[in-house]
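Just below is one structure, and these are the notes that go with it.
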Amino acid sequence: DHRPLSERAALNKEALKQSFLDNLFHTQGKFPALASKSDYYLALAYAVRERLLQRWISTAAEYMQKGARTVSYLSAEFLMGPHLGNNLINLGIYDEAKQAMTELGLNFDELLAQEEEPGLGNGGLGRLAACFIDSMATLEIPSLGYGIRYEFGIFHQSIVDGWQVEKTDKWLRYGNPWELQRPEWAVQVKLGGYTEHRSEEDGTLTVRWIPSRLVSGVPYDTPILGYRNNTANTLRLWSAQAPESFDFEVFNRGDYYGAVMQKMSSENLSKVLYPNDEHEGGKELRLEQQYFFVSCSLQDMIRIMQGQRLPLEHFHEKFAVQLNDTHPAIAVAELMRLLVDEHKMPWNRAWQVTCKTFAYTNHTLMPEALERWPLPLFKKVLPRHLEIIFEINARFLDEVRRRYPGDSARVARLSLIDESGPRYVRMAHLACVGSHAINGVAELHTELLKSDVLRDFYELWPNKFSNKTNGVTPRRWMVLANPRLTRLVSDSIGEDWIKHLDQLQKLEPLAESADFRSHWREIKRANKRALAEVIARRCNVAVDPDSMFDVQVKRIHEYKRQHLAALHIIALYLQLKAQPNLELAPRTFIFGGKAAPGYRMAKLMIKLITGIGDVVNRDPMVRDRLKVVFLPNFSVTNGQRIYPAADLSEQISTAGKEASGTGNMKFQMNGALTIGTMDGANIEIREVVGADNFFLFGLTTPQVYALQAQGYRPHDWYEQDPQLREVIDMIRDGYFSRGDASLFRPLVDSLLWHDPYFLFADFRSYVECQQRVGETWVDTERWTRMSILNSARSGKFSSDRSIRDYTKDIWHAPSVPVELLT
Ligand code: 26Y
């Protein structure tokens, strides 16, 4: 094709139609009579890709020529969600594409729905990475997202007889038009084996790592577009392959079968995403996955530097590497190994470079989510890295002893090795020691890191610590997910808000216009009708779009307390049974979220919610005043339909447990009011919307700690609250399990005798707060005003703001605008 780039990649409707048809014939090899919906989707995706590539090439050229400082975002998870709609938005051709498809007689929304979303993450942490690379591209910051190209992403959830059932996520089944394989940049990764130490003739000491396995990492690149600029950054995901050059003869003399098995086992490395969040895995394969993508990524950065003839002493000037939790923390030891063992840099020099390169974001205060690897396992997989970690630790603890003479307890607490029982490598400690910056993801979270989880590190290095409150991208979570609201907002205040979310403030005076409020309500109502259709299809339950949509969507976890919401629903139900004519504004409770497959209590929480739905939805006495649905397979795609349709956002974690939350922000932007505890970013949401526009309940973190310290006895709370007692007894006696009094026993007993997340202590306060929610809801005009103000004051929670904060305080990576090559 000899047409100039600019012509082939033109953004108008006719050019789109033309390349859509070209791709249908020449890429898909189909004509309309034979084409499936998936063919049409792929043809459109390739047409869009041609337009991305122009920007991608221009961006690469610009960065190379400028020798730009680059942010590397290392993350074991990128929960991207579908690309097509987002790319159309960011290119500014969504309407043109829709028009083009419609004129060709195709249903555009149906085509978009064909895309299998890349679900390469569990929840908040993975989705944060996706929002961040969107914002970096929009802010024109040179960046690379580095991760793993899992062949199977987060499992698909269906609900069978009220229980979660998992199916593998075959997202690559029909091919992935958004990635380009780059085999020419493949790298080798060593695993296992042993080390040899030799003193050379010249007196230097060299270390050789003789691995037992080699795996090849092949990068797959996906362009990440900025919003209506010319920037297309890269998401580079590594796929594990058996190495071409692997010497079958030497390693498996004559053992053909064994050699093939070994090839398959190498390829297992990037096979599947571990579906656990906030729950320790401790599995060998997981450590191998982490090391695999970290080693590939660092080797890739070294290749880039060498391509630009930059000496490795300047590594930290070329790259700012952000560690998304401890999952990539092995990078600290790996960069030391690459610099010292492979590139012969003296230790001290290499250590300076390393510390100036890395920064570490912590995402959790839950002790079970802090990664630790048993020493024998670590040594088996990464023998050389264990030696390096011992050396880092020895030098670090010397420094600690100098600072705190005689304080051996502190030395033990700070050590990279936990020696209190069986020995473990503490990955958070490795990340802290090897980074120049450490941050939490909300103000409270950062304070708790400093006072609690990382207290000793804070005392040692207070200046390393800062807060970077999370944010979410308004491009996906408003413009793409909520086109109706987007139109109203842009018609009212112009389009600037999409890049400068603070401008939503301009909506505030409009909250006083009855006309605007009525528009606002119509939009919410239309979004609710659309969601009601989804619910009817997926759950076979009819819900009323005029009822209040009270929504909790997030991973299922005891600390997030979906079961507290369940207790409240049962309390309402009992109230209706006792007073059948009670005036109660109709409510639809909508739940969604996945449970880790091995987390029995979380799975039981799903069963409880569906069990309540089975009883409540069918009870004629309820007369449709309450509906309870569990929407299966909560995902980015489903989230895009849910957040815009919510009236009430449930953010009810135990104070001090939710690091930040990001779903809370997506709800707020789309005009939902929040009922929430003083936890994570809820506190900051309440601060910006004002106490009057937020439904607060529950213990504060200090109150939780105090109750804990004085000896919390949930059974006493149960005995002293007749309503709570009735609710719990009903579950215990099998009312929501068709008379089976054993089914929910583990859940009930855990609450009665342990209640580690203080549901009983917060129950009364929650129920009373929900009562206030109900009273506010019936004052429609007031509710609408509050809804508008919530959205108008959500500017702080754009991930653009988060990224500006990281850039200013940690990365110091200037913007590099891109000129389009034609
Ligand atoms: C160790 C391994 C099993 C593991 C895997 C995934 C541990 C944790 C995770 C995921 C954690 C996660 O998603 N954390 C969430 O990060 C969000 C983004 O910062 C926060 O908003 C949210 O509060 C936090 O729970």
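The values are calculated or read from the model by the stated rules, or taken from the named source; none is laboratory data. Owing to the predicted nature of the structure, the values given are computational and were not obtained by experimental measurement. Don't worry about glycine lacking a Cβ; one is built from the backbone with ideal geometry, like all the others, and counts go over all protein chains shown.
Figures for the structure shown
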item: Options S38, S75, S58: the member that is in contact with a Phe, Trp or Tyr (Cβ under 9 Å, 6 or more places away or on another chain), farther than 30 Å from A596 by Cα and either modelled with pLDDT of 95 or more or not β-branched (V, I, T) (or both); result: S38
item: Extreme residue, surrounded by the most Cβ atoms within 10 Å (Cβ to Cβ), among residues of region 512-556 that are of a type in the set (A, V, I, L, M, F, W, C) and within 16 Å of the ligand (Cβ to nearest atom); result: I556
item: Q290 in the same structural domain as G126 (by TED's automatic domain parsing), polar (S, T, N, Q) and surrounded by fewer than 18 Cβ atoms within 10 Å (Cβ to Cβ); result: no
item: Qualifying residue in region 313-324 (condition: modelled with pLDDT under 95, more than 16 Å from the ligand (Cβ to nearest atom) and not hydroxyl-bearing (S, T, Y)); result: no
item: Residue check for N439: assigned by TED's automatic domain parsing to the domain that holds T354, over 30 Å from the mean Cα position of the chain (by Cα) and either at pLDDT 95 or above or within 26 Å of S466 (Cβ to Cβ) (or both); result: no
item: Flag if E443 is surrounded by fewer than 19 Cβ atoms within 10 Å (Cβ to Cβ) and closer than 25 Å to I133 by Cα; result: yes
item: Residues that are within 16 Å of the ligand (Cβ to nearest atom) and over 24 Å from the mean Cα position of the chain (by Cα), drawn from region 663-710; result: T701
item: Residue count for region 612-638, restricted to those that are of a type in the set (A, V, I, L, M), part of a helix (DSSP H, G or I) and surrounded by 19 or more Cβ atoms within 10 Å (Cβ to Cβ); result: 4
item: Near pairs, Cβ below 8 angstrom, 6+ apart or cross-chain, from region 25-39 (hydrophobic (A, V, I, L, M, F, W, C)) to any residue that is at pLDDT 90 or above; result: F31/L24; F31/F25; A35/L24; A35/Q28; A35/A43
item: Residue satisfying all of: in region 55-91; basic (K, R) and more than 15 Å from L225 (Cβ to Cβ); farthest from the ligand (Cβ to nearest atom) among these; result: K66
item: Lone qualifier among W477, W497 - being crowded, with 21+ Cβ neighbours inside 10 Å, under 27 Å from the mean Cα position of the chain (by Cα), in the same structural domain as R623 (by TED's automatic domain parsing) and farther than 28 Å from I569 by Cα; result: W497
item: Which listed residue, of E116, E151, E140, is of a type in the set (D, E) and either within 16 Å of the ligand (Cβ to nearest atom) or within 23 Å of R228 (Cα to Cα) (or both); result: E140
item: Failed item in (1) surrounded by fewer than 16 Cβ atoms within 10 Å (Cβ to Cβ); (2) touching a residue at least 60 places away in the same chain (Cβ under 8 Å); (3) in contact with a Leu (Cβ under 8 Å, 6 or more places away or on another chain), with L582 passing the rest; result: (2)
item: Of residues in region 224-272 being charged (D, E, K, R) and out of contact with any Gly (no Cβ under 9 Å at 6 or more places or on another chain), the one modelled with the lowest pLDDT; result: E249
